[in-house]
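Derivation of every value follows stated rules applied to the coordinates shown; laboratory data play no part. Bear in mind that the values here come from a model prediction, so they are computed numbers and not experimental data. Here the Cβ is made from the backbone with ideal geometry for all residues, glycine too, and neighbour counts use every protein chain on show.
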Amino acid sequence: MVLLSVILLAVEHRSSRLNKTRSVLSVLVYPIQLLVSLPVELSEDAYESVVSYSDLKTENQRLKQKQFVDSVKLLKFEALENENIRLRGLLENSFKLGEQVLVAEILSVNLVPYEHIVVVNKGSRFGVKDKQPVLDANGIVGQVLRSLPLSSEVMLITDPNHAIPVQVNRNGLRSIAIGSGLNQLKLPFLPNNADIVPGDLLVTSGLGGTFPQGYPVAIVDNVKVQPNKPFASISAIPKAKLDRIRELLIVWSDSMPVPLIYPMTEPEKETENVEINASHESR
Amino acid sequence: MQATSQDRISGYWLTVMLAMVLSILPFPAVIDMFNPDWVLLALIYWTLAMPEKIGIFNAWMLGLLVDVLTGRVLGLHALDYALISYACIKSHKRLRQHPVPQQSIFVFFFLLFSQMFIFWIENIQGNIDLIFSFWFPVFTGTLFWPLTYFALRSIRIMGRQN
C-alpha cells in the first residue's frame, strides 16, 4: 500500500497521466462541494427575492446609465480595434482575433488555507481546459489549474505559487507579478531605478502565452526603494475583486496571425462588431 | 447481525462525509487557519472502534478522495491516512483502555505526524512555507478529539440499537 502511494505521488508529481483517475474521483466528491456551497447560494437567492422594488429600480437605472456610457466607449473601441488589426496586418504581426468566454460561478468551498484556489461550477464538459485565463469584469482573476469533468479549480493571481507576466500600461515596462498570499501582488524583479510609480496600471504583457495581452491586472500601490538591495520592493492591488466575486469568465483566446493586408483593402469585419452596430442603429 | 454491521458501516460513511463537508466549509480566513483535519479525526475514531471493518485500504481510499476534494497531489492524504490507520489498528487494544484525555495525547501525536508528513511531501514538491500557523490544526484537532469521540460514539451506539 505504501509502495503504491509512493508510486502514485511520484507519477502525479512528474506527469499528468493520472488526470483520468482524478476526474473519475472528482465526480464522486463534487456532490460534497455542491452541498457545502448550497447554503450560501440559498441565502443569496433569498436576499435577492426580498430586495425592495425601489432598490431594484435604482439599480436598474444605474446599470442602464452604465451600459449607455460603456456602449459609447465601445463605439470608439471598435474603430480602434479595426485600426489596430489593420496596422498589425501591415506589420505582419499576430493579433488576438476572437475571444470566446464562458461564465462560471464560484462554489463557496475552501480547499486549503494559505492557497488561493477556488472551485467553479464549469468543467471539461463545457470545454474548459487547463491553463485557461480567467477574468472578471475588472481584470484578470487567475488561471484554470485543473479542469475536472463537472468543476474546475482556478488559481487566483494572489496565490503564492502564481506568477503573471505584466507590463506597465504607461510605458511598457515589463516584469513579473507574483502572488503574495494576501490580496496583493508583488513585483520583486524591478530595479530601484525602474520607472514605476504608485497608481500605475499593470496589464498583461502576453508573454508566456497563458494570458491574452492587454488586460488589466493590478494597480501599483506602493513603491519602496531599497538602496542596499538590487531590487525595489513594489506591491500592487489586483483590479479584480478577488475576495468578492461570485461569477467569472473563462476565456478562450486564439492568437492567429493576421494575413498581410495591403493598405488599400478594407479590413474584414467580425460578426460581433456587426451585431453591436446593429444594436446601436436600432437604439 | 448482517443488518447491524450494515448500519454501522453506513454510520461510518455518513460521518466521514460530514467530516469532508466540515473540512471544506468556507470559514473566514482566521478560523480557517485553525480548521482541523476532520476526516482524519473521524478515521482515527472508526479505526479504533472497529478495526475489523475499517482497514488500511479503506483509509487509503478515503485519503484519495480527500486528495481530490482538496486538490492536493494524488496519494498525499492516501498514504498519510493509511499510515495513521495502521498505527491505530496496531495500538487499538491499548488505546481503547485509555480515558479520553489520555487518548487525546495519542491523537495529538497522530495529527502531528500527519501534518509533518503533509509538510514533508509538499516540501518535496516545493510549494510551501513553514509558518507557525501551519501547526494550529494539530492543536485544535486535539482539542476537538473528546467532542469527536463522544459524538461518533453516540452515532455508533445508535446504529447498534437500530
- Task: For peptide B:74-83, compute the average count of partner chain beta-carbon atoms within 10 Å of each residue's beta-carbon.
- Result: 5
- Query: Under DSSP H, which helices of chain B have Cα atoms covering 18 Å or more of the helix axis and a Kyte-Doolittle average no less than 1.0?
  - Reply: B:56-70, B:100-125
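Determine the gain in length on full extension of the stretch A:L182-A:L38; use 0.36 nm per residue of separation and subtract their C-alpha separation, reporting nm with one decimal.
Here the segment from A:L182 to A:L38 would lengthen by 49.2 nm.
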- Would you mind giving the mean number of other chain beta-carbons within 10 Å of the Cβ of each residue in B:16-23, as a whole number? 3
- Looking only at lysines whose Cα falls under 16 Å of B:K53's and that sit 8 or more positions away or on another chain, we get B:K90, B:K93
- Item | Cβ neighbours within 10 Å from other chains - mean over B:58-71 | 5
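When a footprinting reagent is the concern and you count Cβ atoms within 10 Å, what order do A:V154, A:V72, A:V168 take, fewest first?
With the sparsest Cβ surroundings first, the list reads A:V72, A:V168, A:V154.
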- Within segment A:147-202, list the trypsin sites (Lys or Arg not before Pro) lying in a DSSP loop whose Cβ has at most 15 other Cβ atoms in a 10 Å radius. A:R170
- Task: Could you tell me the largest-minus-smallest coordinate of the C-alpha atoms of segment B:45-115 on each of the three principal axes, in descending order and whole angstroms?
- Result: 36, 25, 15
- Item | segment A:155-224: C-alpha gyration tensor shape, a/c 1.5 cut-off, then a/b vs b/c | oblate
- Query: Going highest first, how would you order A:229-238, B:39-48 by mean Cβ packing within 10 Å?
  - Reply: B:39-48, A:229-238
- Task: Select from segment B:1-88 those trypsin sites (Lys or Arg not before Pro) which occupy a DSSP coil region and have at most 15 other Cβ atoms within 10 Å, ordered by residue number.
- Result: B:K53
- A:V101 versus B:T140, label points 7 Å from Cα toward the beta carbon: distance in nm? 3.6
- Query: Which entries of A:K64/A:K239; A:K76/A:K186; A:K64/A:K241; A:K122/A:K241 show an alpha-carbon separation above 28 angstrom in the structure shown?
  - Reply: A:K76/A:K186
- Message: Need one number: nm distance between label points at A:V69 and A:T21, each 7 Å from Cα along Cα→Cβ, rounded to one decimal.
- Response: 5.3
- Ratio of Rg to Rh for segment B:2-161, alpha carbon only, Kirkwood? 0.95
